[in-house]
1. In the stretch 168-176, is there at least one residue being in a loop (DSSP other than H, G, I, E, B), modelled with pLDDT under 90 and touching a Pro at 6+ places or on another chain (Cβ under 6 Å)?
2. Can you pull out every residue in the stretch 195-208 that is at pLDDT below 90 and outside any strand (DSSP E or B)?
3. Being on the phi < 0 side of the Ramachandran plot, outside the structural domain of Ser169 (by TED's automatic domain parsing), modelled with pLDDT of 75 or more and in a helix (DSSP H, G or I): is that true of Lys79 here?
4. Can you name the residue in the stretch 209-236 that is in a strand (DSSP E or B) and touching a Ser or Thr at 6+ places or on another chain (Cβ under 7 Å) and is also surrounded by the fewest Cβ atoms within 10 Å (Cβ to Cβ) among such residues?
5. Answer yes if at least one residue in the stretch 116-128 is at pLDDT 50 or above and more than 21 Å from Leu245 (Cβ to Cβ), and no otherwise.
6. Among the charged types (D, E, K, R) and on the phi > 0 side of the Ramachandran plot: does that describe Glu258?
Amino acid sequence: MSDSRDDFVIALRYSLLKKGAKQKFSLFFLISFSIFIIILDKYSVPPINFIRSTITDLVYRVSVIAAVPGKIFAYFGSKTKKHLIIYNENESLRTEVNILKKEKYDNLFLITENQNLKLALGLEKVKITEEDTVTIAKVMLDQNSPFLKSLLVNKGTKHEIVKGMTVFSKNYLIGTIVETNYLSSRVLLITDLNSKIPAIIQGLDVNIILAGSGNKDNFILDYLPDDILLEPNKVIFTSGKDGFLKAGMPIAETYLDENKIKIRSLTDPQQASIVHLTKGQFNN
């Protein structure tokens, strides 16, 4: 045991002798200072406690600040994930709502059709002997004026497009083909001043003509009996009386505006960018 202690003392003395005077002093000072700090910490001297608590608080603050970027990334990651989930749910619900709307309009027309009687309307003569082929077209030009409303689409006779075909946007009737070229066709919109569509109103036993006025929110009803009072939230369908358009296609609806009953289209034809061309009713 004494031999080990003597060896340690000899090694320490050798290291001190090998160092310069300045280095010896620095080593001695550090050792002394360390011993001094240990003694102060052992007896809980107030100044040392204050310094220690201050340093600890500083370390805690630095730790909190250092953790902020991670929390921010985690927060935005969580929000992005929730946003994507909500977006997907919204798209799913939007598709479901469109399907339910279409089913609602179909059911409303069937009710109206039964109330009006097929024989009175002549609907028993409307027969479709061939399946409709739907052609998707892109709107190239919107020929818009205060009263004349038409669209130019990028499908023509080359794609078997003929005059009289019906044009749909988002499952709603927006017009008919009135002019065909080899690679393009012109669509007369239902809002056009020259548009006249035989129609019936949900729940009423009358035949009317739905006429365009140039405004999608203000259609005109021709041949509406004077004793018929319109009510809001009634859907207007094609009646099929002309033997040209299929019966039961929803076109417009009544609504209340400043204590007046007006008629507006179920979709804005001017906003269509992709349309569907068919010989009859479009079923998505």
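The values are calculated or read from the model by the stated rules, or taken from the named source; none is laboratory data. All values derive from a computational prediction rather than experimental measurement. Here the Cβ positions follow ideal geometry from the backbone for every residue, glycine too, while neighbour counts run over all protein chains shown.
1. Step one: list which residues in the stretch 168-176 are in a loop (DSSP other than H, G, I, E, B), which gives 170-171.
Next, from what is left, pick out any that are modelled with pLDDT under 90: 170-171.
Those left that are additionally touching a Pro at 6+ places or on another chain (Cβ under 6 Å): none.
No: the stretch 168-176 contains no residue that is in a loop (DSSP other than H, G, I, E, B), modelled with pLDDT under 90 and touching a Pro at 6+ places or on another chain (Cβ under 6 Å).
2. Scanning the stretch 195-208 gives Gln202, Gly203, Leu204, Asp205, Val206.
3. Working: on the phi < 0 side of the Ramachandran plot: yes; outside the structural domain of Ser169 (by TED's automatic domain parsing): yes; modelled with pLDDT of 75 or more: yes; in a helix (DSSP H, G or I): yes.
Yes: the conditions hold for Lys79.
4. So in the stretch 209-236, the residues in a strand (DSSP E or B) come out as 209-211, 220-222, 235-236.
Still in the list and also touching a Ser or Thr at 6+ places or on another chain (Cβ under 7 Å): 211, 220.
Numbers: Ala211: 20, Ile220: 16.
Filtering the stretch 209-236 for residues that are in a strand (DSSP E or B) and touching a Ser or Thr at 6+ places or on another chain (Cβ under 7 Å), the one surrounded by the fewest Cβ atoms within 10 Å (Cβ to Cβ) comes out as Ile220.
5. Start the filter on the stretch 116-128 by keeping residues that are at pLDDT 50 or above, which leaves 116.
From the residues that got through so far, the ones that are more than 21 Å from Leu245 (Cβ to Cβ) too are none.
No, every residue in the stretch 116-128 fails to be at pLDDT 50 or above and more than 21 Å from Leu245 (Cβ to Cβ).
6. Details: among the charged types (D, E, K, R): yes; on the phi > 0 side of the Ramachandran plot: yes.
So Glu258 fits the description; yes.
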